[in-house]
Amino acid sequence: MSVNLRVKRQFHPGSLSEVATLVNYLSSRGISATDTAFDIGANSGLFSLPLSSMFAEVVSVEPNIERARFLQRALPENVRVVCAACGSGNSVAVMTVPKRKDGIQLHGLGSIAKRGDAALFHTGGEPVELTEFTVPVVTVDALAKLAKGKISFLKIDVEGHEDAVLAGSETVLRDHRPILFIEIETRHGVDGVKIFEELRSLGYRCMSVNLGKLEALNTPESFAAALATPEIINFLFEPERT
């Protein structure tokens, strides 16, 4: 399956390769034609678009209203765009987005886990200003009640808020047992090894995703080593088959 991108934005250098790796992996897993996928932190739709060709329904969650409106225009009808952030409870939060001096917002770095300090946003040394706005926060479990089919895939890219998203996904993880594709970076201050261990306790095994290759990570030590490798920021967690 080829990945036809209609969104012309800048992404992490390995992103297109990792999208293709994910598409190939999901194709090999025999996804049901009636299943639902969640794209949490959809940004410009890099993942939502190919997922829309594989799943009956995609729930594309993006708290930045400008990005959400773009997704509504750009993505197919089977993608439901939700303008909100995901977290551990239903509430409101402040979304912080860095903005370059020329006024261009760096949407892909927006986060509800960071506030007030431009140094928290890793922009390659480029000076930035911060834009803040209030966004609704919902749990994945709450959104799941509106899903049309079994939720068999969750992609999570939330710039340091991964643990909160997973905390709000307890019912989905238990009842639906979805495959997880999670961006985890130590630069955001998240405890990645804790996430690994919590998911392993729920019966998930982990693989790193790196330029077209999947490598099994069976221990906290091997996960920590992968996490310390700058080129590796994405991880697949698949439920063990019973």
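The values are calculated or read from the model by the stated rules, or taken from the named source; none is laboratory data. Just so it is clear, the model here is predicted, and its values are computed rather than measured. Every residue, glycine among them, receives a Cβ derived from its backbone with ideal geometry; neighbour counts consider all protein chains shown.
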* **Conditions (1) farther than 26 Å from Val94 by Cα; (2) in a helix (DSSP H, G or I); number of the one not met by Glu66** => (1)
* Restricting the search to the stretch 197-242, which residues are under 16 Å from Leu154 (Cβ atoms) and hydrophobic (A, V, I, L, M, F, W, C)? -> Leu199, Leu202, Cys206, Met207, Val209, Phe235, Leu236, Phe237
* To do: Restricting attention to the stretch 181-219, report how many residues are in contact with a Cys (Cβ under 9 Å, 6 or more places away or on another chain) and surrounded by 18 or more Cβ atoms within 10 Å (Cβ to Cβ).
  => 4
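Check whether at least one residue in the stretch 106-129 is aliphatic (A, V, I, L, M) and at pLDDT 95 or above, and report yes or no.
No, the stretch 106-129 contains no residue that is aliphatic (A, V, I, L, M) and at pLDDT 95 or above.
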* What's the number of the condition Ala37 fails, among (1) within 25 Å of Leu109 (Cβ to Cβ); (2) at pLDDT 95 or above; (3) surrounded by fewer than 24 Cβ atoms within 10 Å (Cβ to Cβ)? -> (3)
* Structure fact -> Of the residues in the stretch 199-240 that are of a type in the set (Asp, Glu) and outside any helix (DSSP H, G or I), the one that is farthest from Glu170 (Cα to Cα) is Glu231
* Qualifying positions in the stretch 146-161 - of a type in the set (Lys, Arg) and modelled with pLDDT under 95 -> Lys148
* Give me the pairs: first residue in the stretch 70-82 and in a strand (DSSP E or B), second residue buried (at least 22 other Cβ atoms within 10 Å of the Cβ), beta-carbon distance under 6 Å, and six or more apart or on different chains, which are they? -> Val79/Ser48; Val79/Val58; Val79/Ser60; Arg80/Val59; Val81/Ser60; Val81/Leu71; Val82/Val61
* Structure fact -> Residues of the stretch 10-62 being of a type in the set (Gly, Ala, Ser) and not in a helix (DSSP H, G or I), in sequence order, are Gly14, Gly30, Ser32, Ala33, Ala37, Gly41, Ala42, Ser44, Gly45, Ser53, Ala56, Ser60
* Test Asp175 against the criterion of being under 17 Å from Ala37 (Cβ atoms) and of a type in the set (Asp, Glu), and give yes or no. => yes
